[in-house]
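Participant: This is the structure I have questions about; it appears just below.
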Amino acid sequence: MVLSKALKQHLIDPEICIRCYTCEQTCPIGAIEHDDNNVVVDVEKCNHCMDCISPCPTGSIDEWRVVETPYTLEQQYEWDELPEQQEIATAPNTSTSIEALDDDIAALLADAHSGAGGKTLAPASASKPSVNLYKPSGPATATVQGNYRLTEDSADSDVRHIILDLGQQNFPVLEGQSVGVLAPDASGDDDSTAMARLYSVSSPRDGERLGYNNLSLTVKREDKGLCSNYLCDLKKGDTVKLTGPYGSTFLMPNDANCHLLMICTGTGSAPFRAITMHRQRLHPDASGRMTLVFGARTPESLPYFGPLKKVPDSLLQKNLVYSRVEGADKRYVQDELRDMADDIAALLKQDSTCIYICGLRAMEDGVEQAFNDIATSAGLDWAEVRSAMRADGRYHVETY
Ligand SMILES: Cc1cc2nc3c(=O)[nH]c(=O)nc-3n(C[C@H](O)[C@H](O)[C@H](O)COP(=O)(O)OP(=O)(O)OC[C@H]3O[C@@H](n4cnc5c(N)ncnc54)[C@H](O)[C@@H]3O)c2cc1C
Ligand code: SF4
Ligand code: SF4
């Protein structure tokens, strides 16, 4: 199959795979198969649901290549080692027309929310969001007010806090919503658009600076990533084309009695910064508890560590978890949830608790398993709790 645009192909590393076939048994749609030599993924079937990723004992299943012509099953069966990532001309999900970008954005958003278990509602007391005010054919123009690195220079990831001024344009956003960024193509023509990407807004509804018509984004530079590099390289005074706002369910309750349990990795912290700032500005003495469980590889690569330290514990209980600190055990957000089992079980029993999960898709399974175990130990049926929370607009997942 030759594609009109590039795609990310799911592959298995034959050098590490131990041929246990757990992934094949896990895949819900039969996209994985094997012969005597290799275990392979059928690009025509795989829908990137990620169900196979966490059960794999070796990590060999978590391999991806951006391709214009996908590797066939026959090619994969013959491999002794995975091919290197090749340089390709176009980025994944790159539309050829401005009109098609609308569909791209809708698909990205639906995919990001698929882990919530189907269509969800916003919390009952959430404000009504504005959506789709600016389309790719008529974007807003924002001016960069600042772009600074959040992660330390020694960290292996470059994450930026980017502040955008909307000037006189009406661009209302609520905490939890995203904006679309239109990255220009390589032609050098300012009006040309290569593709659209979504970024969560990390500032509250009344502005990054209170009362100003500006907003902030938290952007991680991805190796060879088109839009993230474009954003991370922006300078003060540069302009950016924005679409949106997007998202009508991943929103915070205005009711300050609600308890908020926020679980994130990496840039998944963006909406939680917005939510925390909104509560801090409006209801610093709220009776609702806010709990953050935040995973990163190292303290140096944790975005928002500095400002987070300044939020009082009475407002936000912070639980920071690191998976790559030399000499320490690897710890993930699900490990921290398990350690907090009594607190989490108490939260699950209250119908004023809202759960938010945001960040890397790979975190979903571990978190789900931890909730299941905690609920079971507390005499609760997690599937029932989760579906009741979903029906109430109190359970939200946004992963990418
Ligand atoms: C609802 C939602 C909210 C999001 N919020 C945030 C957020 O707050 N912060 C954030 O940082 N991200 C966020 N994202 C992710 C973001 O939208 C982008 O997916 C991310 O920034 C990568 O986009 P990109 O254009 O830089 O990478 P792409 O160009 O799409 O590339 C993706 C990957 O493909 C590979 N690749 C691309 N082109 C090539 C090539 N020519 N050759 C070889 N390999 C290649 C690279 O490995 C690259 O890392 C969010 C996503 C969603 C859906
Ligand atoms: S990502 Fe989902 S569809 Fe693809 S191989 Fe894994 S389990 Fe199957
Ligand atoms: S689960 Fe992992 S190790 Fe086992 S066959 Fe699949 S890719 Fe190989």
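Participant: Looking at Pro204, Pro271, Pro253, can you tell me which residue is assigned to a loop (DSSP other than H, G, I, E, B), not assigned by TED's automatic domain parsing to the domain that holds Thr151 and not basic (Lys, Arg)?
Facilitator: Testing whether each residue is assigned to a loop (DSSP other than H, G, I, E, B), not assigned by TED's automatic domain parsing to the domain that holds Thr151 and not basic (Lys, Arg) leaves just Pro253.
Participant: Lys8: touching a Gly at 6+ places or on another chain (Cβ under 7 Å), at negative phi and either part of a strand (DSSP E or B) or more than 16 Å from ligand 1 (Cβ to nearest atom) (or both), yes or no?
Facilitator: Against the criterion (touching a Gly at 6+ places or on another chain (Cβ under 7 Å), at negative phi and either part of a strand (DSSP E or B) or more than 16 Å from ligand 1 (Cβ to nearest atom) (or both)), Lys8 does not qualify.
Participant: Would you point out the residue of region 45-70, among those that are part of a loop (DSSP other than H, G, I, E, B) and more than 22 Å from Thr22 (Cβ to Cβ), that is farthest from the chain's Cα centre (by Cα)?
Facilitator: Only one residue fits best here, namely Thr69.
Participant: Looking only at region 17-27, which residues are closer than 18 Å to Leu82 by Cα, over 26 Å from the mean Cα position of the chain (by Cα) and either more than 6 Å from ligand 3 (Cβ to nearest atom) or crowded, with 17+ Cβ neighbours inside 10 Å (or both)?
Facilitator: Matches in region 17-27: Cys17 only.
Participant: Take Phe250 and decide whether it is out of contact with any helix residue (DSSP H, G or I) (no Cβ under 9 Å at 6 or more places or on another chain) and crowded, with 18+ Cβ neighbours inside 10 Å.
Facilitator: No; evaluated as a whole, the condition is false for this residue.
Every residue, every condition in (1) outside the structural domain of Asp111 (by TED's automatic domain parsing); (2) surrounded by 14 or more Cβ atoms within 10 Å (Cβ to Cβ); (3) modelled with pLDDT of 95 or more, yes or no:
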{"residue": "Ile29", "(1), (2), (3)": "yes, no, no"}
{"residue": "Val39", "(1), (2), (3)": "yes, yes, yes"}
{"residue": "Asp42", "(1), (2), (3)": "yes, yes, yes"}
{"residue": "Ser54", "(1), (2), (3)": "yes, yes, no"}
{"residue": "Trp64", "(1), (2), (3)": "yes, no, no"}
{"residue": "Thr69", "(1), (2), (3)": "yes, no, no"}
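Participant: Pairs, please: C-beta under 7 Å, at least 6 apart or cross-chain, first residue under 12 Å from Val219 (Cβ atoms) and in region 160-185, second of a type in the set (Asp, Glu) and more than 10 Å from ligand 1 (Cβ to nearest atom)?
Facilitator: From residues that are under 12 Å from Val219 (Cβ atoms), the pairs are Ile163/Glu208.
Participant: Checking Glu300 against (1) touching a Ser or Thr at 6+ places or on another chain (Cβ under 8 Å); (2) among the acidic types (Asp, Glu); (3) assigned to a loop (DSSP other than H, G, I, E, B), only one condition comes out false. Which one?
Facilitator: (3)
Participant: What residue, of Leu108, Leu166, is at negative phi, modelled with pLDDT under 95 and touching a strand residue (DSSP E or B) at 6+ places or on another chain (Cβ under 9 Å)?
Facilitator: After applying the criteria, what remains is Leu108.
The values are calculated or read from the model by the stated rules, or taken from the named source; none is laboratory data. The model shown is predicted, which means the values in this text are computed figures rather than measured ones. With ideal geometry, Cβ positions are generated from the backbone for all residues, glycine too; neighbour counts draw on all protein chains shown.
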